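Read-outs throughout are calculated quantities, based only on the coordinates presented, and are distinct from any laboratory measurement. From a predicted model like this one, the values you see are computed outputs, not experimental measurements. Don't worry about glycine lacking a Cβ; one is built from the backbone with ideal geometry, like all the others, and counts go over all protein chains shown.
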Amino acid sequence: MAIALSVNLNKVALIRNSREGNYPDVREFGKLCLDTGADGLTVHPRPDQRHIRPEDVAQLRQLVSEYPDREFNVEGNPFAESVGTYPGFLELVKANPPHQCTLVPDTTAQLTSDHGFDLRQDGARLEPIITELKAMGIRVSLFMDPDLAQIDLALQVGADRIELYTGPYAHAFQTRHPDLDELHRQFHDAAVHATQIGLGVNAGHDLNLDNLPRFGTIPGLLEVSIGHALTVDSLRHGMASTVAAYLDVCRAAAPSENGNTPPNPG
């Protein structure tokens, strides 16, 4: 079975938020991803609303509902409270129930997620939250490091899946670190163990076109969530043709050599 690709739209929203208005339109790009064949969409709203806003969550949930075979995944800190117009993470999820909710132990001040849960500390607080979300028909995944003991605890607190935090693997791959093979083995063993005890396995963070082929060989991997690298690759692979298109417009719109402006075809 192919690994499902869920496209994270945070960076599209980040670009939009750098100006007033709704350009680029996050929903439009979500639709483009789905029409191209993406298996789902992911968003990670944060209280500071640096990228995804509450209204994006509602609009994208509605969009994905128009594609019966696709999934909407909302990830974030389950302990994030209401700030300004941000209603609080759990309130946002309950108002817009996704197919999957990925709980992540990040803080408001973090630039990006950079570690999995320590369920020895957070398990007791997470368990009732997981129970409530599952009662709503939402699949629950926990952001985790490749630690077998912690994965056992993820099962005990009621998670359906884990999402392996792949940042260290991606960094080792990029730098050709001598521990890359050992690190890959740790993720392999973690995925195998999770599958054996009945947990589904997702993965995400800094996966890209270069490192995903190797990581994708890990047994039991069901889904990857990719946003940053996918956005960068979209710029890289689409930049040349886009620049060429703008050049065509500029050249066609330029005044003629005799100083006359070309007639407006409209």
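At q = 0.10, 0.12 Å⁻¹, what base-10 log of I(q)/I(0) does the Debye formula yield for the range 145-266 when every alpha carbon is treated as an equal point scatterer in vacuo? Reported log10 I(q)/I(0), two decimals: -0.47, -0.56.
Set against the 2.2 N^0.38 Å expectation for a compact globular protein, the range 154-220 has a Cα radius of gyration ratio of 1.12.
Shown is the FRET efficiency for Ser18 and Tyr246, computed with R0 = 25 Å from the Cβ-Cβ distance and rounded to the nearest 0.05: 0.80. Among Ser65, Ser234, sorting on how many other beta-carbon atoms sit within 10 Å of each Cβ, with the fewest leading, yields Ser65, Ser234. For the chain, the residue among Thr195, His171, Val243 whose Cα projects farthest onto the positive side of the dipole built from Cβ charges is Val243. In plain terms, the residue of Asp181, Asp206 with the fewest other Cβ atoms within 10 Å comes first and the most crowded comes last, giving Asp181, Asp206.
Annotation: the residues Tyr246, Tyr169, sorted from fewest to most other C-beta atoms within 10 Å of their own C-beta, follow the order Tyr246, Tyr169.
When shorter helices are ignored and each DSSP H run of at least 4 residues is given -39500 (n - 2.57), the per-residue value for the chain at 222 nm works out to -14000 deg cm²/dmol.
How would you classify the range 1-97 from its alpha-carbon gyration tensor, with a ≥ b ≥ c the square roots of the eigenvalues: rounded for a/c under 1.5, else prolate if a/b is greater than b/c, otherwise oblate? It comes out oblate by the Cα gyration axes. Entry note: the range 1-41 has Rg to Rh equal to 1.08, where both radii use alpha-carbon atoms and Rh is the Kirkwood radius. Can you compute the label reach from Thr36? Point 7 Å from Cα along the Cβ direction, backbone N cut-off under 19 Å, restricted to the range 221-256. Under 19 Å, as judged by backbone N against the label point of Thr36, lie 223-246 of the range 221-256.
Across all Cα atoms of the range 4-227, the radius of gyration (one decimal) and Dmax (whole number) stand at 16.8, 49 Å. The charge dipole of the chain, taken about the Cα centre with unit charges on the Cβ atoms of Lys, Arg (+1) and Asp, Glu (-1), comes to about 480 debye, rounded to the nearest 20. As a length-normalised measure over Cα pairs under 8 Å and 6 or more apart, the relative contact order of the chain settles at 16 percent.
P(r) tail for the range 89-217: Cα pairs beyond 24 Å make up 29% of the total. Taking Lys and Arg as +1 and Asp and Glu as -1, the other residues whose beta-carbon sits under 14 Å from that of Gly137 total +1.
Expressed in nm to one decimal, what extension gain is obtained for the pair Thr195 and Ile3 from 0.36 nm per residue of sequence separation less their Cα-Cα distance?
Taking Thr195 through Ile3 to full extension adds about 67.7 nm, to one decimal.
Computed extension length for Val83-Asp69: 1.6 nm, one decimal, from 0.36 nm per residue of separation with the Cα-Cα distance subtracted. Contact order normalised by length for the range 161-233, with contacts defined as Cα pairs under 8 Å and 6 or more residues apart; what percent is it? With pairs under 8 Å counted, the relative contact order is 38 percent.
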